[in-house]
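To keep things clear, I will list the structure first and then write my remarks on it.
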Amino acid sequence: MSTSADSFPTQLQRQPPAHRQVSYEAAEMVEDDATLVSRPGRHRNGGSIGGGGGSSGGVSGGVYSVAGVALCAFVLGCLISFAVTLLATRVHPGSPASDAGRSFWPDGGQLAANRARLRRLANSPEELEGHVTILASRQSRAGSPDAGFHADYVAGQWRGQGLPVLNRTYSVALSFLSTGEVPQNQVGVFLCRQAAQNSSSAELCDEKLRLDPPLTPEDGVVGALPSIVPYTESLNGSYRLATEDQLAQLVAWTSDDNLRQQLADIVVLVDVGLEAGASSASSTAVNSSVLGMTAGLLKKLAPEPRPGVAIYPDGPGVPDTLIWMKSTLATAIKGDPTTPMYPSKAFAVRSEFDPPPPSQPAIPISAADARQLRDFAKSSAAGSPSQLRRLRIRWPMRRGLLPIRDICTEVKGAVEPDRVVLLGGHRDAWHSGALDPHSGVSSLLVITRALAELQRTGWRPRRTLLACSWDAEEWNLIGSAEWLDEELRRADRRLVAYVNTDTDIMGNWKVMVHAFRRWRGFLDKLIDEVPNPDPNGDSRYHFYKTPDAYSDYYVFWRTLGVPIVDLSYIRPNETRMVVYDLYHSRYDTARLYRMIDPGGRAHLATVQNYLGIVYTLLDSAVLPGNLTEFSQEIEYAMGRLVGQARVSLWTRTQDQPAGWATMEAEFRRQMRRARRALRRFESETLEPLRRLWLDGGPVQEDPARALLRLRMANDKLMEVQQAFVYRSVYPSQSIANLLADEPAFANLFAASFPSNSAEEADRRRQLMKLVETSILSLASVTKIMSDSFAD
């Protein structure tokens with residue numbers, strides 16, 4: 001790879017390479033944990049500025065009169081003032097280096113030294129565990145009464161670090177169990193021991209499902225809430241219970257005319273098969289339309305326990321009382337479903353949910369609950385399904401607009417304050433959320449603390465750091481999406497990277513890195529700088545996954561094309577996206593955190609990796625990114641997209657669509673041109689710039705011109721990644737990223753209509769339009785890489 005960690009200069013200095021002859025002040029500052037290293041700056045011709053021993057036009061020695069000394073001092077002061085003004089964009093105001101004299105073109109070798117220094121400032125697993133323990137001590141669900149505790153905690157930590165706190169509040173559509181409407185002990189599912197045919201007798205309904213009860217004191221956190229199926233409707237009344245087999249039998253015995261009436265008071269026990277990281281799929285024996293006629297569902301939402309894994313609370317394995325929670329929204333546009341692509345402010349114009357969430361009432365249950373209900377249902381008298389057992393249910397679900405808060409802080413850049421590295425992670429959880437998300441919140445706080453300590457020594461980053469704690473991620477990536485909806489114009493032009501701290505700990509084996517290929521050489525070098533915390537583990541302890549749609553990073557790479565990185569330690573021998581067993585459950589506690597990562601070594605290594613990545617993005621002169629790898633990303637994604645369109649267009653007819661041959665030929669031509677433009681820019685512009693800045697910067701070039709060349713190259717790196725993002729506010733109010741596996745594309749490829757129908761004609765037109773958009777995106781790559789409109 002042409003990109004390495006040391007290819008990016010820093011704002012802190014070390015001794016120059018031996019082949020560079022640079023004079024030093026006698027009292028050069030020595031690097032340690034409390035002092036910045038600096039050295040005299042130099043002119044373009046190699047002489048010193050701001051320090052003794054320079055050879056750039058100083059006055060020869062001798063005895064001067066007082067007037068002569070004053071005159072020389074005045075002239076020299078004017079020259080220095082002019083030079084400092086000219087080079088202000090390169091010298092960080094307010095830093096000791098600015099006062100003592102320093103290199104205006106920092107030496108690239110210092111990046112590694114300064115990363116090591118920052119890692120020494122973040123070297124306490126106890127600090128990380130302390131944050132997790134406090135944050136996981138209370139209910140963390142967005143919109144809940146205790147959600148404010150976590151926002152205030154993050155804000156308080158940042159104020160204590162000497163950082164400003166920026167608040168954004170949005171009013172978003174959430175749902176909740178309204179336990180204040182009835183006494184708490186009457187909310188839930190109760191088994192009635194009186195058979196339905198004996199309805200003249202009073203039913204005794206005093207046996208209540210446990211659902212997911214606390215198993216240790218740490219599980220019963222302050223403000224604990226029941227598990228729910230978000231956005232579903234209420235159940236309130238007396239109902240008949242049916243298993244799936246009993247429901248199928250009832251359907252078989254009932255005429256179609258009476259079916260809906262017969263099913264109106266039935267709740268169905270549905271066993272939802274879950275694998276960690278997989279989508280749920282009902283194993284129901286009847287179709288969804290029949291299920292939709294029933295009063296509601298009792299859904300078993302729990303994975304099967306893994307053999308040989310000790311059960312919680314003795315180990316990290318699945319107890320039979322566990323319930324997994326997850327959002328029911330399936331929208332490509334993330335955020336508040338009532339304000340797609342617009343921020344959910346008080347003045348927002350709201351729409352209906354699109355697509356709507358499942359309106360049918362549903363109550364999540366555990367494996368133990370399902371077993372109890374199945375035994376109860378089978379105990380009904382044999383024969384007619386009218387003998388079904390009964391339940392009394394009070395489950396008052398409500399939807400409403402609730403406030404959420406995004407909490408941010410920033411450290412403004414000294415050289416390029418309008419270029420922003422965004423560090424973010426969510427702090428809401430379905431329950432206490434020790435691993436998801438508070439291991440990530442803890443990382444976020446320690447990273448900003450280390451950078452704040454460095455700032456107090458006089459350092460300022462080249463670019464601006466913006467750190468944000470998002471709310472309501474679990475619901476639909478709402479907090480980050482609302483912030484981006486509000487900041488779209490600014491973020492579109494200024495955001496250079498997004499670093500995500502979410503579930504940093506899911507195990508202690510290896511680091512799963514979500515990142516695109518264009519960054520992998522850059523990340524390999526940085527991660528290799530942090531030793532494997534397992535002394536018996538491999539020296540290369542990370543592997544890559546293509547970014548998906550399951551955390552806040554999706555909002556930024558899909559909407560803006562911004563490169564992202566997310567790190568998660570995972571459990572042994574899992575090289576796919578498999579979450580930990582107690583994910584999204586009540587038992588994701590500080591106790592689990594300590595079991596998953598004893599001693600906190602994996603978590604600390606993750607934080608130190610994040611620090612290296614964030615610092616390098618902030619202080620490197622040339623942004624990271626391998627355009628040869630990017631060209632391969634494009635070639636694979638675009639080739640796959642157009643290939644699928646071709647197959648889909650020709651599946652129902654052997655006739656070639658009109659204009660296809662011309663379109664396909666142009667696609668291939670633009671692909672070749674884009675690939676050539678990217679590789680040429682890599683070899684002719686980026687590699688020379690990186691070598692130049694690695695060696696201390698351009699000493700034979702006008703400083704302003706050198707900065708302009710650097711800025712133009714970085715701008716092109718930012719722009720070319722946006723070439724495949726298309727936004728449309730009419731008619732679909734949607735966003736499409738051609739490099740993503742968009743669900744809309746898959747639906748378009750798979751849709752089936754009669755060959756001569758208007759729907760099929762419209763589908764074929766949309767497929768051709770998709771290929772046209774791909775051609776224009778590839779052409780944009782070539783244009784962005786060029787300085788001439790002739791291309």
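Being buried (at least 22 other Cβ atoms within 10 Å of the Cβ), at pLDDT 90 or above and within 23 Å of Pro624 (Cα to Cα): is that true of Phe516 here? Taking the combined requirement at face value, the residue does not satisfy it.
Is the range 562-570 home to any residue that is aliphatic (A, V, I, L, M), crowded, with 23+ Cβ neighbours inside 10 Å and part of a helix (DSSP H, G or I)? Within the range 562-570, not a single residue is aliphatic (A, V, I, L, M), crowded, with 23+ Cβ neighbours inside 10 Å and part of a helix (DSSP H, G or I). Considering the range 751-766, the residues that are in a helix (DSSP H, G or I) and in contact (Cβ under 8 Å) with a residue 24 or more places away in the chain include one that is surrounded by the most Cβ atoms within 10 Å (Cβ to Cβ), namely Arg764. Report yes if Ser683 is small (Gly, Ala, Ser), in the same structural domain as Met718 (by TED's automatic domain parsing) and either under 30 Å from Val496 (Cα atoms) or without any contact (Cβ under 8 Å) to a residue 60 or more places away in the chain (or both), otherwise no. Taking the combined requirement at face value, the residue satisfies it. Say whether the condition of being modelled with pLDDT under 85, exposed (fewer than 14 other Cβ atoms within 10 Å of the Cβ), at negative phi and outside any loop (DSSP other than H, G, I, E, B) is met by at least one residue in the range 767-777. The answer is no; no qualifying residue exists.
Can you spot a residue in the range 451-470 that is within 17 Å of the chain's Cα centre (by Cα), surrounded by 22 or more Cβ atoms within 10 Å (Cβ to Cβ), within 21 Å of Ala332 (Cα to Cα) and not assigned by TED's automatic domain parsing to the domain that holds Leu329? Within the range 451-470, one or more residues are within 17 Å of the chain's Cα centre (by Cα), surrounded by 22 or more Cβ atoms within 10 Å (Cβ to Cβ), within 21 Å of Ala332 (Cα to Cα) and not assigned by TED's automatic domain parsing to the domain that holds Leu329.
The residues listed here are Leu445, Leu402, Leu435, Leu388; of these, the one that is of a type in the set (A, V, I, L, M), more than 24 Å from Arg711 (Cβ to Cβ) and modelled with pLDDT under 95 is Leu388. Looking only at the range 524-570, residues that are of a type in the set (S, T, N, Q) and touching a residue at least 40 places away in the same chain (Cβ under 8 Å) come to 4 in all. One residue alone among Val622, Val647, Val642 is at pLDDT below 95 and outside any helix (DSSP H, G or I), and that residue is Val622. Remark: Ser620 falls outside the filter, which requires a residue to be in contact (Cβ under 8 Å) with a residue 60 or more places away in the chain, in contact with a Ser or Thr (Cβ under 6 Å, 6 or more places away or on another chain), under 15 Å from Leu523 (Cα atoms) and not basic (Lys, Arg). Is it true that Leu738 is touching a Leu at 6+ places or on another chain (Cβ under 7 Å), modelled with pLDDT of 85 or more and under 27 Å from Val415 (Cβ atoms)? Judged against the criteria, Leu738 is not a match.
Per the listing Phe347, Phe353, the residue uniquely within 24 Å of Glu233 (Cα to Cα) and surrounded by fewer than 21 Cβ atoms within 10 Å (Cβ to Cβ) is Phe353. Across the range 486-507, the number of residues qualifying as surrounded by 24 or more Cβ atoms within 10 Å (Cβ to Cβ) and either at pLDDT below 95 or over 26 Å from Ala637 (Cα atoms) (or both) comes to 6.
Here the condition is being closer than 25 Å to Ala661 by Cβ, over 26 Å from the mean Cα position of the chain (by Cα) and among the aromatic types (Phe, Trp, Tyr); of Phe753, Phe745, it holds for Phe753 alone. Residues of the range 200-245 that are surrounded by fewer than 17 Cβ atoms within 10 Å (Cβ to Cβ), among the polar types (S, T, N, Q), farther than 21 Å from Asp146 by Cβ and touching a helix residue (DSSP H, G or I) at 6+ places or on another chain (Cβ under 8 Å): none at all. Scanning the range 453-487 for residues being assigned to a helix (DSSP H, G or I) and among the polar types (S, T, N, Q) gives a total of 3.
Residues that are of a type in the set (D, E, K, R) and modelled with pLDDT of 95 or more were ranked within the range 594-619; the one that is surrounded by the most Cβ atoms within 10 Å (Cβ to Cβ) is Asp597. Restricting Leu329, Leu291 to those that are touching a residue at least 12 places away in the same chain (Cβ under 8 Å), over 30 Å from Thr559 (Cα atoms) and out of contact with any Lys or Arg (no Cβ under 6 Å at 6 or more places or on another chain) reduces the list to Leu291. Quick check: is even one residue across the range 144-161 under 32 Å from the mean Cα position of the chain (by Cα), among the acidic types (Asp, Glu) and surrounded by 18 or more Cβ atoms within 10 Å (Cβ to Cβ)? No; the residues of the range 144-161 include none that is under 32 Å from the mean Cα position of the chain (by Cα), among the acidic types (Asp, Glu) and surrounded by 18 or more Cβ atoms within 10 Å (Cβ to Cβ).
Summed over the range 111-125, the residues that are under 17 Å from Ile527 (Cβ atoms) and assigned to a loop (DSSP other than H, G, I, E, B) give a count of 1.
The values are calculated or read from the model by the stated rules, or taken from the named source; none is laboratory data. Note that this is a predicted model, so its numbers are computed, not measured. FYI the Cβ positions are ideal-geometry reconstructions off the backbone, even for glycines, and counts take in every protein chain you see.
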